[in-house]
1. Taking N as the number of residues in segment 1-114, what is its Cα Rg relative to 2.2 N^0.38 Å?
2. Considering only protein heavy atoms, with the full assembly of protein chains and a 1.4 angstrom probe, order Val371, Val199 by accessible area, largest first.
3. If each Cα of segment 61-171 is one equal point scatterer, what is log10 of I(q)/I(0) from the Debye formula at q = 0.18, 0.21, 0.24 Å⁻¹?
4. Can you tell me the FRET efficiency between Arg373 and Glu297 if r is taken as the Cβ-Cβ distance and R0 is 22 Å, rounded to the nearest 0.05?
5. Report, by chain and number, residues whose modeled amide H sits under 5 Å from the one on Leu212, excluding near sequence neighbours (fewer than 5 apart, same chain).
6. If you take all C-alpha pairs in segment 347-468, what percent of them are over 19 Å apart?
7. Taking Cβ-Cβ under 4.7 Å as the only way to count a partner, pick out the unpartnered cysteines of the chain.
8. Report, largest value first, the span of the C-alpha coordinates of segment 290-416 along each principal axis, in whole Å.
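The values are calculated or read from the model by the stated rules, or taken from the named source; none is laboratory data. Note that this is a predicted model, so its numbers are computed, not measured. Here the Cβ positions follow ideal geometry from the backbone for every residue, glycine too, while neighbour counts run over all protein chains shown. The accessibility values were calculated without ligands, DNA or RNA, using every heavy atom of the protein model including side chains. Shrake-Rupley method; radii C 1.70, N 1.55, O 1.52, S 1.80 Å.
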Amino acid sequence: MTKRVYIETVGCQMNVLDSELIVSGLVQAGYELVDSPRNADTILYNTCSVRQHAEDKIYSALGRLRPLKERKPQTIIGVLGCMAQKDQDLIFRRAGHVDLVVGPGQLNRLPAILEEVAAQQHREPRLEVSLDRMKERRTLVEESFARFDPPRPRELRSSPFQAMVRIMFGCDKFCTYCIVPKVRGPEQSRPAAEIVAEVRRLADDGCLEVTLLGQTVNSYKDPGEGRILRLADLLARLNEIDGLRRIKFVTNYPRHMTDDLLQAVRDLPKVSPYLHVPVQSGSNEQLKRMKRGYTVESYCEMIQRTRSIVPDAAITSDFIVGFCGETDDDFQKSLDLVRWARFKNSFIFKYSQRPGTKAADAMPDDVPDEVKRRRNNELLAVQNTISLEDNLPLAGREVEVLVEGPSKAARKRASGQHVPAVDDEVVQLVGRSVRDHIVVFDGPRTLVGQILPVRIEKADAFTLFGRL
Ligand code: 5AD
Ligand code: SF4
């Protein structure tokens, strides 16, 4: 009997990658992937803990599964990833119909764990998580966060032309608001040789673009080869790989934006001039409370240095609004910074208190939600104006686009039709430039997976519209 698995993923690209690896492993173990919990005998949630909202979504999805579990008690329900590591057996208490809770450090054993759970006569709640880094020795904790980067065949990747590749996991920064160091464990880099081999295999398989992932990707450090290899060295090696066309990397930590890295971005033709370097706040008081380890002045110096070494770089950022103690004056400084830095875009989040972080222990969450929302909208409006101003002059210019597939609108239209899609039918396609601009244009589906010049005709704050 084939086993049918349904998986839902929330959170960052790291989670999207984990889910892709999980599915790939399960399909190789004989599972079939289905698109609704109703058709599945194994239902998995790969979860995120970075904000409360992401957790609420999972708990309510679990609640909705209760009747299904009563009807079909053999169904296996699993909670994976960051919330599993953070809440552990609390999940069984809040949702008694969950069968297994598996942290990010145990995903390598998921197929075996599922098999054991399925074979049990009387099911016991199964908890598989890593050690608590506050309580145990670092080496033991590191070991308990096992590596999870198995090879995946082309047909099991979400796109044959693009792939995410983890180069490091965990985080040692302990920003006071952030749960990541706790749930993803200590910072550990993958050996460069292993990454190069993985990317070479991907390129041989037809992959054109890789995105290197790490919580603080530019603190990458492989001590393995007699000489410490940093991100700039790794990029130089990946740049040599035949067939590969583009290399992107996220997320950067501002203090590690070294000149050698910026020079690598400038000099290596395959490395995209796209840099996501979250600042979080434009106020020094707030940065200190967040324990970010830099000042607004040093962040601005880094931006200036970036622009002078890589003049055409697209720089993007993250902001948290309404963090503990944020005054109107602090918030004005975030507005000022956005206006000064002219980010390509910014992701803006309302502060969400996370139990288990320093901020939750020591600082009151004292900005009312209404104020957080207002600041969020205001900062977003300023950023969107800048994004639009910077996009408008692109009209008339040509950009190289990696064609990813039919746009959302085209996919929706196709799903409403009863005739199967024809390859040479012209549809609305979407792709990305090296600066991570989303580009929409018309063309046949056969162009998917090609890198093509597109002439931009018009733009809004988020999208460029063009013609082949
Ligand atoms: N509340 C709100 N936003 C947060 N982020 C991280 N932790 C929190 C939190 N507790 C944001 C940061 C980070 C992004 C991935 O999520 O801006 O860069
Ligand atoms: Fe969280 Fe800070 Fe680490 Fe980023 S650098 S994952 S915000 S602790």
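1. On the way: Rg = 12.9 Å, N = 114, 2.2 N^0.38 = 13.3 Å.
Against the compact-globule rule of thumb, the ratio is 0.97.
2. Details: Val371 25, Val199 0 Å².
From most exposed to least exposed: Val371, Val199.
3. -1.02, -1.17, -1.29
4. Details: r = 29 Å, r/R0 = 1.34.
So the FRET efficiency works out to roughly 0.15.
5. When sequence neighbours closer than 5 places are left aside, the close amide H contacts are Val165, Lys248, Phe249, Val250.
6. Details: 4495 of 7381 pairs.
More than 19 Å apart: 61 percent of the Cα pairs in segment 347-468.
7. So, Cys12, Cys48, Cys82, Cys171, Cys207, Cys300, Cys324.
8. Principal-axis extents of segment 290-416 (Cα, largest first): 50, 46, 25 Å.
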